[in-house]
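Structure below; questions to follow.
The values are calculated or read from the model by the stated rules, or taken from the named source; none is laboratory data. Keep in mind it's a predicted model, so treat the numbers as computed, not measured. Note that we place each Cβ from the backbone using ideal geometry, even for glycine, and neighbour counts take in every protein chain shown.
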Amino acid sequence: MTSDIAARNITLDALRGFAVMGILAMNIVAFAMPDTAYITPLASVPQTASDPLSWLVSFVLIDGKMRGLFSLLFGASMLLIIERAAAKGEDPARVHYRRMAWLAVFGLVHFFFIWSGDILFLYAVIGSIAFLAHQWEPRRLIKWALGLYLFGMVLWAMVYGAMLFLEVTASAPGADAALVKAYQGMMDSPYMSIDGTEYLAIYQGGYGGILAHRVGEWDAPLTLVMQGITETLPLMWLGMALFKTGFLTGALDSAVYRRWAWRLVPAGLILTLIAGLVVWQLGLGPIAALNGMFAWTIIPRLMLTLGYAALLVLAVRALAGSGLIARVAATGQAAITNYLGTSIIMTMLFYGYGMGLYASINRTALWLFVLGAWAVMLLWSKPWLNRFRYGPLEWLWRSLARGAFQPMQR
């Protein structure tokens, strides 16, 4: 029994480690360039000839998939915490909601004082909702998850499709003046601008100006919750279902994982590549790219998220006992520390109050920073956890949620 639990935990931790490392591969653009560059290579600063190809590779292989995997694992980890609380005779609801409350605090601190790309507040709010279904059977969880996910697909296809329709009609010869005005007003938003002037002025400046900008966007975490609920909640529910079935803990036969990987990954990659090429054919503009990211690839993104999970379980199983998997699992066990720590390091490297590299490194070269950060995660996490029970922020989170300092030393 002990070895089964250890295998289950190391599989979850290793998957979480791969996810938190993969998330940085996308977030690095948002650290180093104007926000619109995350959407379209036309907003990359500096511009290079390789930007469209670099964007396409990330779009097809990474964008949304690692975040999706992290959401699955968040749902699975919720159930693991619930199991442990129940086994100790504690109230699972009280344990869970105290954890979510403090995670929300961590997220708001992260958003306002470190980096505006926070997802912890989103996870805390959505995790509070997801808990209501923790006793559901896997079949019911999957049905509700897929239903909400498909509803989100239709909703966002309508929203972004309407934006694309407006762009096409407003750009046509003899377009109605009201349509042209509406389109220009939409494109005047800093989130749609490809010149990045506003972001350059903010993030190449001092900490005070950056903080003032975030305070001015105080409602952004709530907006992200509203935008992300139709993706994040279904994925957490799916994670809960896949935890109950043993899929995410590596409890199933290898043939099951190979079958699902073969069914989902090739088709998901082909469909995503087609969407990316359509965006490219349409000129890589922000509206076309938004449709590609949040409307046209919703189904293949889910396929790849689940397919990647199957492939990674197989990788963990094949490399079980190796130093690499042990280090990746330690990275996942200290995922919150690695996530927030990466934000601190990257903002210090790129923002004006640090080394000031903002808008000076091209998209392809940013991979060097990603690889360096991965090396740091893998190098520090395992030695730390050999001596201590938790990562630093995991220990703080646990202590705050339980209202008492938790034992730290092994």
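For the stretch 362-382, does any single residue satisfy the condition of being outside any helix (DSSP H, G or I), in contact with a helix residue (DSSP H, G or I) (Cβ under 9 Å, 6 or more places away or on another chain) and among the aromatic types (F, W, Y)?
Among the residues of the stretch 362-382, not one is outside any helix (DSSP H, G or I), in contact with a helix residue (DSSP H, G or I) (Cβ under 9 Å, 6 or more places away or on another chain) and among the aromatic types (F, W, Y), which makes the answer no.
I've got another one for you. May I ask you to verify whether I336 is within 30 Å of S171 (Cβ to Cβ), modelled with pLDDT of 95 or more and β-branched (V, I, T)?
So I336 does not fit the description; no.
Of everything in the stretch 104-135, what is without any contact (Cβ under 8 Å) to a residue 60 or more places away in the chain and crowded, with 16+ Cβ neighbours inside 10 Å? Give them in sequence order.
A104, A124, S128, F131
Still on this structure, I have one more. Looking at A85, A49, which one is free of Cβ contacts under 8 Å to residues at least 24 places away in the same chain and surrounded by 15 or more Cβ atoms within 10 Å (Cβ to Cβ)? Give the steps one after another, and end with the answer.
Values: A49 fails: surrounded by 15 or more Cβ atoms within 10 Å (Cβ to Cβ).
Step by step, each of A85, A49 is checked, and only A85 is free of Cβ contacts under 8 Å to residues at least 24 places away in the same chain and surrounded by 15 or more Cβ atoms within 10 Å (Cβ to Cβ).
Pick from the stretch 273-298 the residues that are surrounded by fewer than 22 Cβ atoms within 10 Å (Cβ to Cβ) and aromatic (F, W, Y): which of them is nearest to T36 (Cα to Cα)?
F294
Here are some residues: P190, P221. Which one is surrounded by 19 or more Cβ atoms within 10 Å (Cβ to Cβ), within 30 Å of S360 (Cβ to Cβ) and touching a residue at least 12 places away in the same chain (Cβ under 8 Å)?
One residue alone meets the criteria, P221.
Just one of the numbered conditions (1) more than 19 Å from the chain's Cα centre (by Cα); (2) surrounded by fewer than 18 Cβ atoms within 10 Å (Cβ to Cβ); (3) over 19 Å from I62 (Cβ atoms) is not true of I270; which one?
(3)
Tally up the residues in the stretch 162-174 that are surrounded by 14 or more Cβ atoms within 10 Å (Cβ to Cβ) and among the small types (G, A, S), please.
1
Which one is farthest from L349 (Cα to Cα) among residues in the stretch 193-218 that are exposed (fewer than 15 other Cβ atoms within 10 Å of the Cβ) and aromatic (F, W, Y)?
Taking the candidates together, the pick is W218.
Ok, one more. For F405, all conditions in the list (1) in contact with a Phe, Trp or Tyr (Cβ under 9 Å, 6 or more places away or on another chain); (2) aromatic (F, W, Y); (3) crowded, with 18+ Cβ neighbours inside 10 Å hold save one; what is the number of the exception?
(3)
Which condition does I142 not pass, out of (1) modelled with pLDDT under 95; (2) farther than 14 Å from I287 by Cβ, if it passes all the others?
So the condition that I142 fails would be (1).
Could you tell me whether the stretch 38-57 includes any residue that is part of a helix (DSSP H, G or I), in contact with a Gly (Cβ under 9 Å, 6 or more places away or on another chain) and farther than 15 Å from L284 by Cβ?
No; the residues of the stretch 38-57 include none that is part of a helix (DSSP H, G or I), in contact with a Gly (Cβ under 9 Å, 6 or more places away or on another chain) and farther than 15 Å from L284 by Cβ.
Here is a further query. If L312 passes every condition in (1) of a type in the set (A, V, I, L, M); (2) crowded, with 20+ Cβ neighbours inside 10 Å; (3) closer than 29 Å to L42 by Cβ but one, which one does it miss?
(3)
Restricting attention to the stretch 281-291, does a residue exist that is over 18 Å from V159 (Cβ atoms), at pLDDT 95 or above and in a helix (DSSP H, G or I)?
For the stretch 281-291, residues over 18 Å from V159 (Cβ atoms), at pLDDT 95 or above and in a helix (DSSP H, G or I): present.
Within the set of pairs 6 or more residues apart or between chains, which connect a residue that is under 13 Å from A318 (Cα atoms) inside the stretch 250-263 to a residue that is of a type in the set (G, A, S) with Cβ atoms less than 6 Å apart?
Y257/A310
Criterion first (in contact (Cβ under 8 Å) with a residue 24 or more places away in the chain and over 22 Å from V109 (Cα atoms)) does A335 satisfy it?
no
Considering only residues that are surrounded by fewer than 16 Cβ atoms within 10 Å (Cβ to Cβ) and part of a helix (DSSP H, G or I), which ones fall in the stretch 348-361?
M348
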